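In what follows, a structure is listed as structure tokens, so that the remarks can point back to it.
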Amino acid sequence: MTDQEFAGVITIDGPAGSGKSTIAKQLAVKLGIQFLDTGAMYRAVALACLQNQISLDNSEQIQKLLPHIDIRFLDGKIYLNRHDVSNQIRTAELAAAASKIAILPMVRSFLNHLQREIGRNRKIVTEGRDQGTAVFPQARFKFFLIAAQEVRAQRRWLDLQSRGQNISFAEVLAEQIERDHRDTHREIDPLQAAKDAITLDTSSMTTDEVLHKLIQEINRCLPH
């Protein structure tokens with residue numbers, strides 16, 4: 001990999017509920033470039049495991065399944081083996097499943113490679129937990145969003161409610177705490193801010209305020 005190949009990549013990392021997905025989508029629209037939803041990719045792999053009745057703890061079977069998984073983005077939707085799974089993967093169950101398989105080295109290697117191929121020599125905004133550290137360390141702009149634990153859980157709970165999913169705030173908070181622990185303590189590419197990332201606490205910020213701040217930082221670093 002070279003710096004030039006990924007000079008157009010903007011990474012936004014952070015824990016669940018920090019606002020990174022919403023911000024990444026809006027930033028991509030604002031800049032007129034592609035948005036790469038890496039979280040959806042992990043959910044798609046988890047869905048493929050569930051569809052094939054493979055235990056999320058069975059690394060041997062998951063390893064055999066990976067070559068048969070085709071993930072593509074088209075017109076804002078994600079396709080798993082040519083089937084639109086955009087809505088199917090947006091459940092609390094798939095979020096938890098994605099977090100479990102994300103600790104598996106073979107899954108991370110498989111998706112990291114795919115993400116780099118998508119980002120090579122393109123201008124994209126990509127969000128996740130290791131985009132600025134493991135996947136695109138050469139990215140020109142890196143951001144790391146954080147927020148208070150209960151604020152993040154509230155955002156996630158409201159999002160699930162809007163999708164018609166009946167789950168309590170306490171359940172969302174408990175799942176989030178578990179996910180945070182897995183993400184920050186996994187041996188391979190744990191959740192952490194890149195040394196050259198700009199960290200922003202979004203707890204008391206609106207989406208517009210966060211977006212404005214990121215664009216401000218990007219413009220500040222661009223030649224005039």
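The values are calculated or read from the model by the stated rules, or taken from the named source; none is laboratory data. These numbers were taken from a predicted model, which means no experiment stands behind them. Cβ sites come from the backbone with ideal geometry, for glycine too, and all protein chains shown count toward neighbours.
Among the residues examined, Lys77 qualifies as within 22 Å of Phe35 (Cβ to Cβ) and either free of Cβ contacts under 8 Å to residues at least 60 places away in the same chain or crowded, with 19+ Cβ neighbours inside 10 Å (or both).
Among the conditions (1) in contact with a strand residue (DSSP E or B) (Cβ under 8 Å, 6 or more places away or on another chain); (2) in contact (Cβ under 8 Å) with a residue 24 or more places away in the chain; (3) among the basic types (Lys, Arg), Arg72 misses just one, which is (2). Sub-8 Å Cβ pairs linking a first residue in segment 43-67 that is under 11 Å from Phe110 (Cβ atoms) and in contact (Cβ under 8 Å) with a residue 12 or more places away in the chain to a second residue that is of a type in the set (Phe, Trp, Tyr) and part of a helix (DSSP H, G or I), at least 6 apart or interchain, are Val45/Phe110; Leu66/Phe110, ordered by first then second residue.
Note on segment 172-195: among residues that are touching a helix residue (DSSP H, G or I) at 6+ places or on another chain (Cβ under 7 Å), surrounded by fewer than 18 Cβ atoms within 10 Å (Cβ to Cβ) and at pLDDT below 90, the one that is farthest from Pro105 (Cα to Cα) is Arg182. Remark: Leu111 matches the filter, which requires a residue to be more than 19 Å from Leu214 (Cβ to Cβ) and within 13 Å of the chain's Cα centre (by Cα). Look at (1) surrounded by fewer than 18 Cβ atoms within 10 Å (Cβ to Cβ); (2) outside any helix (DSSP H, G or I); (3) modelled with pLDDT of 95 or more; (4) not basic (Lys, Arg) and you find that Thr11 fails only one, number (1).
Take Phe141 and tell me if it is modelled with pLDDT of 90 or more, more than 19 Å from Gly39 (Cα to Cα) and touching a strand residue (DSSP E or B) at 6+ places or on another chain (Cβ under 9 Å). Spelling it out, Phe141 is indeed modelled with pLDDT of 90 or more, more than 19 Å from Gly39 (Cα to Cα) and touching a strand residue (DSSP E or B) at 6+ places or on another chain (Cβ under 9 Å).
Out of all the residues in segment 104-125, is one or more part of a strand (DSSP E or B), in contact with a strand residue (DSSP E or B) (Cβ under 6 Å, 6 or more places away or on another chain), modelled with pLDDT of 90 or more and not charged (D, E, K, R)? Within segment 104-125, one or more residues are part of a strand (DSSP E or B), in contact with a strand residue (DSSP E or B) (Cβ under 6 Å, 6 or more places away or on another chain), modelled with pLDDT of 90 or more and not charged (D, E, K, R).
Checked against the criteria, Glu209 does not count as of a type outside the set (A, V, I, L, M) and part of a loop (DSSP other than H, G, I, E, B).
A quick yes/no check of all residues on (1) assigned to a helix (DSSP H, G or I); (2) modelled with pLDDT of 95 or more; (3) out of contact with any Leu (no Cβ under 8 Å at 6 or more places or on another chain); (4) more than 30 Å from Ala193 (Cα to Cα):
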site	(1), (2), (3), (4)
Gly17	no, no, yes, no
Lys25	yes, no, yes, no
Leu36	no, no, yes, no
Gly39	yes, no, yes, no
Leu47	yes, yes, no, no
Ser55	no, yes, yes, yes
Ile62	yes, yes, no, no
Leu66	yes, yes, yes, no
Arg72	no, no, yes, no
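Yes or no: segment 122-138 includes at least one residue that is over 26 Å from Ile71 (Cβ atoms), in contact (Cβ under 8 Å) with a residue 40 or more places away in the chain, of a type in the set (A, V, I, L, M, F, W, C) and buried (at least 17 other Cβ atoms within 10 Å of the Cβ).
To start, the set of residues in segment 122-138 that are over 26 Å from Ile71 (Cβ atoms) comprises none.
No, every residue in segment 122-138 fails to be over 26 Å from Ile71 (Cβ atoms), in contact (Cβ under 8 Å) with a residue 40 or more places away in the chain, of a type in the set (A, V, I, L, M, F, W, C) and buried (at least 17 other Cβ atoms within 10 Å of the Cβ).
Scanning segment 148-162 for residues that are surrounded by 14 or more Cβ atoms within 10 Å (Cβ to Cβ) and closer than 20 Å to Arg90 by Cβ yields Arg152, Ala153, Gln154, Arg155, Arg156, Trp157, Asp159, Leu160.
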